[in-house]
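Just so it is clear, none of the values below were taken in a lab; they were calculated from the coordinates. Keep in mind the model is a prediction, meaning the values are calculated, not measured. Methodologically, a virtual Cβ is constructed for each residue, glycine included, from the backbone with ideal geometry; neighbour enumeration extends over all protein chains shown.
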Amino acid sequence: MARLTPGMEALEPAIATLQDAVIALTMVVNPLSSIAERIPLPGRRPARRSSSRSVRSQRVVDSE
């Protein structure tokens, strides 16, 4: 684990940037997905309504 720590610490800025990108993309894609679900397509059954389509990303850093 001690050998991995410097590498993991070096990745922290990239991880934070990627997490921000995931949140931004989710905010754009979720409304588009809701609109797309309302478009009737021939031969497609209406989908069951799900409660919410949120993507939650969580960063876990082991302190050891």
Taking the Cβ of each residue in Ile35, Ile23 as the centre, tally the other Cβ atoms inside 10 Å and list the residues starting with the fewest.
Ile35, Ile23
Measuring from label point to label point, each 7 Å out along Cα→Cβ, what is the Ala36 to Met8 span in nm?
3.5 nm
Pop a pseudo-label 7 angstrom from the Cα along the beta-carbon direction at both Ala16 and Val28 and give the gap in nm to one decimal.
2.3 nm
Taking θ as phi - 60°, what are the ³J(HN,Hα) couplings along region 16-29 by the Karplus curve (6.51, -1.76, 1.60), each to the nearest whole Hz, with x for Gly and Pro?
5, 5, 5, 5, 4, 5, 4, 5, 5, 5, 4, 5, 8, 6
